[in-house]
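Here the structure is laid out as structure tokens; the discussion comes afterwards.
The values are calculated or read from the model by the stated rules, or taken from the named source; none is laboratory data. Since this is a predicted model, take the numbers as computed values, not measurements. For neighbour counting, all protein chains shown are included, and Cβ atoms are generated from backbone atoms with ideal geometry for every residue, glycine included. With ligands, DNA and RNA removed, areas are computed over all heavy atoms of the protein, side chains included. Shrake-Rupley method; radii C 1.70, N 1.55, O 1.52, S 1.80 Å.
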Amino acid sequence: MTDDLRQAMVHVKQAAVHYRNNYIGTEHLLWGLTKEDNSATRLLQAAGILPETVHQSVGTRLSMGASQAAERIAWTPYSRKAIAIAEARSQQNGSDHIDCDDLLIGLAEVGRGIAAGVLNTAGFDLVALEA
């Protein structure tokens, strides 16, 4: 992971702990990716989407859980799939590190989950982006 993605992952875990969720879903990943300026927020801006709008939109979908066990946070299947897509994309591009934009594209490519819904609603179009 790049330093930017490591920092985003700190925000991801903070969101899961704050909302007392015992899982990290695509919503946590997207929330963490859009918390600070990085390659994901710049990609959103290039697509004509305000990262702050995406961040706020996903924030409204985070729900308070009942878990107190912050040390035992599991990854949801869609989150694991998004990370696998990001890793494959990074390798395909000849990089040894996954960056924030790789994970953003992974979340969009999964096509399911809260993050994909938020990105779709915001108008994030992978086909147009790749063209």
| remark: The simple spin-label model distance between Met64 and Gln7, using points 7 Å out along Cα→Cβ, in nm, is 3.1
| query | Whose amide H sits under 5 Å from the amide H of Arg20, counting only residues 5 or more places off or on another chain, with H placed in the peptide plane? | reply | Gly65
| note | Rounded to whole Å², per residue accessible area for region 1-112 with a 1.4 Å probe reads 53
| message | Can you tell me which of Gly32, Gly117, Gly94 moves the most in a GNM of the chain? Springs connect C-alpha atoms under 10 Å apart. | response | Gly94
| query | Expressed as a whole number of Å, what is the distance separating the alpha-carbon centroids of region 72-131 and region 1-64? | reply | 12
| Which sequence of His18, His11 reflects their accessible areas, 1.4 Å probe, from the largest down? | His18, His11
| task | First measure r as the distance between the Cβ atoms of Arg42 and Arg80, then evaluate 1/(1 + (r/R0)^6) with R0 = 30 Å and state the FRET efficiency to the nearest 0.05. | result | 0.75
| said: Could you tell me the relative contact order of the chain? Use alpha-carbon pairs under 8 Å, at least six residues apart, and round to a whole percent. | reply: 31
| According to a simple spin-label model (label point 7 Å from Cα along Cα-to-Cβ), what is the distance in nm between Leu50 and Tyr23? | 3.1
| said: Which order do you get for Asp99, Asp3 if you rank them by accessible area with a 1.4 Å probe, largest at the top? | reply: Asp3, Asp99
| field | Candidate values [x] 13.7, 45; [y] 14.5, 47; [z] 16.1, 53, label of the one derived for Rg and Dmax of the Cα atoms in Å | value | [x]
| request: Would you tell me the accessible area of Lys35, worked out with a 1.4 angstrom probe on the heavy atoms of the protein chains, in Å² to the nearest 10? | output: 100
| remark: Heavy-atom accessible area of region 1-62 with neighbours in place, 1.4 angstrom probe: carbon+sulfur share in percent works out to 49
